[in-house]
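Since the structure comes first, as structure tokens, the remarks are kept for the end.
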Amino acid sequence: MKTQLTDLNSIEKILQEMTVEEKARMVIGGAPFHTEAMPEYGIPAMYMLDSCNGLNSLEYAGEAVYQELAAQAEAAGQPLDREKNGYMGGLLIALGTLKKRAAQQAQSGAAPSPKPFGCYPPGIALGSTWNPEVVEACGHELAKEMSSYGIDMILGPNVNIHRDPLCGRLGESFTEDPYLMSQLAPAMVRGIQAEGVTACPKHFAANNQEKDRMGVNEHVSERALREIYFPGFKACVDAGCKTVMSAYNQLNGTPSAMNGWLLTDILRKEWGFGGFVVSDWGAAYEQIATIAAGNDLTMPGPRGIQCIVEAVENGTLPLEKLDACVRNVLKVVAWSTAMTGKRPAFDRARSLEVMEEALREGMILLKNDGTLPLTTGCDVAFYGKRSKAPTICPAGSSNVSTDLTTNAYDRAAELLGAGHVTFGEATGRTNTWIAVVGCDGREGADRDSLAMDADDAQALETAIAEAQAAGGKVVVVINATGPIDLNPYEGRVNAILCPFFAGIQGGKVAADAIFGQFNPSGKLAMTWPKHYYDCPSYKNFGGEKQEVWYGEGIYVGYRWYDARHIEPAYPFGYGLSYTSFAITGVSVEDGINMDKAPVKVNVTVKNTGSLPGSEVVQVYVRDVECAFDRPEKELKGFQKVSLQPGEERTVTLELDKAAFSGYYMEFGEWIAQPGEFDILVGTSSRDIAAERRITVRCKDPFGISFRSSIGAIAKCPQAVEIINRVIDEDILALAHVALEFAPDKSLEELWNGTNIQGALVKKGWDGGRITKAHQEIEASFDEMR
Ligand code: BGC
């Protein structure tokens, strides 16, 4: 009998027993959304499906159809031939059959079956919560629901930064800011994985547009990758995500799934990722290069494995590389619910509560002249198709097709009584016109402009005209994938509420906000531009001939608007409340040695209005003087505080060394320089209530260190003394020795061109001895500081 998959030890034995062909089957999916099962080794197939806002019923049905076709072919003695499938595996066969069947069903007039799937708030709605707890709670519920359909792994969260507001998939992801991303995306991962379901942060990396999505070459500086596009992924790895999805796009000339620097050097060696990397569906353009780069699993399956077997046989693919992929896949399979069978219980009522809680936290009030909240004694007229049929999520793999949706119109009728609510027309009693407007967003295509749908714009114009004529008020609700152009309307309406796409409870919760059932506390997780031409990636988005240059570098989102002094329509971090808040006190510790302790920021915030509500205290850091170019300010801490009217509370936020660091290309390292920093505390990136200048201490990356030139060290007698003690020699005399090797140099030149390491190498010390000396010297330098 063959070894059965149980634990890590069993995997090593299985690797010894498996044939190359079996190994090849393990790294290529066995079906469009399953890994390959190998019952002889006790290896179950793992079921992976989209997405982070609910079950994608098209994929779900497609997978069932594929399994059915495969079983039928098997029974007929003519198994489907995987070698004939292209890079899309069995997916196109499944979707094609599904389409035919749907057409037949439509023709037969048979009623479609109910679609009882939950659609959770998509990334953009969760980004607006600025509340990791509710994001994590959504992760739990989503995992429980998906698991109830037999899903073992959720293809999300989408951790791609909001680089450009027109990106088709903007609505799937959380934010433009890497710090906020690093707090929210891991919360989703933790929630999902706590239920035993595997999470899959995607799409690694710099997958920021849909134009030419298969193979577009994104030219991104390493600094921008490190500071902007990577941190969310790294935070998910730190949170223990079991898998990561590589992207369709090329990164600096190499497709992500074939990019060894990205998948092996950064992800595994630098960040210590121990799970498996799955290709995006169809992104493994060349299978052998994919395996060699460290992309462990190619999806969708099944596709040919013969090329892998041949590559191992002819030596073009080292067996160890294939083994490493199999090992990584099996480690996760062994952990997964496919193996344990331990599926959590799912409770719909609880999941609806959690969705609603998240939506209340993420509902953004963009404008309010006092019109909102409406009292329940008023009469309202709804305009715009989205009042009754809001878009609940992005189209594409994140699409959730369901019968469970709510809408603002119905909820208003419930709260006010049907006689006080109309749609598309006003009555003599109508005093408030509510227009629900927006635009959709989808995988596969970017938006052309920031415009809302033409019929929505028309509906809004009608609402404004009628309200003006009747002396009524206009409330706008935005049901969109991201920012839309509000310039023509902003000054003519009384209030604007923005839930974006908000899942099945979005319509209900939007109406609840309008009628004061709760107090909105959402904050924009991206900058809302006044004009598209203000955006950082304007003219650098989409690209030509599949080439895109990220010319804005690290200046993404508010970093750009700050640097260029551009006034946005609404800044990053912005959102109003039905109550008011004041930041009444800010104290920041001064003179802290960041190498030893974080800097504590105490902020006192008071609810100065008459309703309970929540405010997000935001802490931004500015490096006053830096050896290299840095943004005007960067978000490095935030906390949401709920307060009763009149209540005041002091919260403490901690800024560790990372909050003061930037990625310094010259050293290829994150560095923080000791010196002055400004700590900016506010309620948006442009509403800064208090600013404190502090001095922080830490090891100076440019100061005396092991890599300083001997010339620099010679000026510091204390440093010379330390070095001499550790190496038991006179470092200055050593420099003289070095002169013998470079007789054409003056001692002065040599001092400045040689560091301690260089001098010791010249003296013949080996690596181990040098490292030991290095450590001792650095430790003594630390004490000297
Ligand atoms: C999308 C992924 C998705 C995958 C599987 C791809 O087209 O880019 O986000 O998870 O399909 O459906």
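Derivation of every value follows stated rules applied to the coordinates shown; laboratory data play no part. Given the structure is predicted, the values throughout are model-derived calculations rather than measurements. Reconstructed Cβ throughout: ideal geometry from the backbone, glycine too, with neighbour counts over all protein chains shown.
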Which value results for Rg/Rh of region 58-193 when Rg is the Cα radius of gyration and Rh the Kirkwood radius based on the inverse mean 1/r? 1.08
HN-Hα couplings for region 28-41 via Karplus (6.51, -1.76, 1.60; θ = phi - 60°), in whole Hz with x for Gly/Pro, come out as 10, x, x, 7, x, 10, 10, 7, 6, 8, 9, x, 4, 9
What whole number of Å gives the distance from the Cα centroid of region 225-239 to the Cα centroid of region 294-327? 28 Å
Taking the alpha-carbon centroid of each part, what is the distance from region 674-721 to region 171-198 in angstrom? 32 Å
With each pseudo-label sitting 7 Å past Cα toward Cβ, what's the Q458-K342 distance in nm, one decimal? 5.7 nm
Additional length obtainable on full extension of the chain from V624 to E547, 0.36 nm per residue less Cα span: 24.1 nm
Net charge contributed by nearby residues that have their C-beta within less than 14 Å of N431 (K/R +1, D/E -1): 0
Which of the chymotrypsin sites (Phe, Trp or Tyr not before Pro) across region 342-416 are loop residues per DSSP, with 16 or fewer other Cβ within 10 Å? none
Treating only the Cβ atoms of Lys and Arg (+1) and Asp and Glu (-1) as charged, compute the dipole magnitude of region 588-652 about its Cα centre; round to the nearest 20 debye. 240 debye
Given S614, Q644, V599, which one lies farthest toward the positive end of the charge dipole of region 598-676, if we put +1 on the Cβ of every Lys and Arg and -1 on the Cβ of every Asp and Glu? Q644
Among DSSP beta bridges whose residues both lie in the chain, state the antiparallel percentage, nearest 5. 60 percent
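Kirkwood Rh, Cα Rg: Rg to Rh for region 593-660?
In region 593-660, Rg relative to Rh is 1.10.
Under the 0.36 nm per residue contour assumption, what length would be gained going from the current alpha-carbon distance of L80 and T771 to full extension?
Numbers: separation 691, 0.36 × 691 = 248.76 nm, distance 5.83 nm.
That works out to 242.9 nm of additional length.
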Cα atoms only: what Rg and Dmax, in Å, come out for region 656-729? 17.7, 58
Quick calc, E320 & D403: beta-carbon distance into FRET formula, R0 60 Å, rounding 0.05, result 0.75
Quote the convex hull volume per residue of region 286-352, based on C-alpha atoms, as a whole number of Å³. 127 Å³
Can you return the lysines within cross-link range of K640? Criterion is Cα-Cα under 22 Å, with same-chain partners fewer than 8 residues away left out. K367, K523, K600, K606
Given points 7 Å out from each Cα along the Cα-Cβ axis, report the D782 to Y149 separation in nanometres with one decimal. 5.1 nm
Translational D (Stokes-Einstein, µm²/s) of region 409-542 at 20 °C and 1.002 mPa s when Rh comes from the Kirkwood sum over C-alpha pairs? 132 µm²/s
How big is the Kirkwood radius of region 201-350, worked out from every pair of different alpha carbons and given in Å to one decimal? 16.2 Å
Where does each of D369, D629, D410 land when they are ranked from fewest to most other beta-carbon atoms within 10 angstrom? D369, D629, D410
Separation of the N724 and V761 label points, Cα + 7 Å toward Cβ, nm: 2.6 nm
Per principal axis, descending, Cα span of region 143-237 in whole Å: 40, 26, 20
Area projected by the alpha carbon convex hull of region 629-681, averaged over all directions, nm²: 5.0 nm²
Per residue, the convex hull enclosing the Cα atoms of region 1-79 spans a volume in Å³ of 113 Å³
Semi-axes in Å, largest first, for region 294-446 (Cα gyration tensor, √(5λ)) are 53, 19, 14
Can you grab the distance from the C-alpha centre of region 619-638 to the C-alpha centre of region 352-378, Å, no decimals? 33 Å
FRET E, pair I688, E654, Förster distance 22 Å, beta-carbon r, rounded to 0.05: 0.65
Could you grab the Rg to Rh ratio for region 112-188? Cα atoms only, Kirkwood for Rh. 1.01
Quick check for region 1-134: number of Lys pairs with alpha-carbon distance under 27 Å, counting only pairs 8 or more apart or on different chains? 8
If R0 is 25 Å, what FRET efficiency do you get for A465 and A389 from their C-beta distance, rounded to 0.05? 0.60
Distances over 12 Å make up what percent of all Cα-Cα pairs in region 415-463? 70 percent
Once the mean 1/r over all distinct Cα pairs of the chain is inverted, what Kirkwood radius in angstroms do you read off? 28.6 Å
Exposure proxy check on D766, D440: fewest-to-most Cβ neighbours within 10 Å is D766, D440
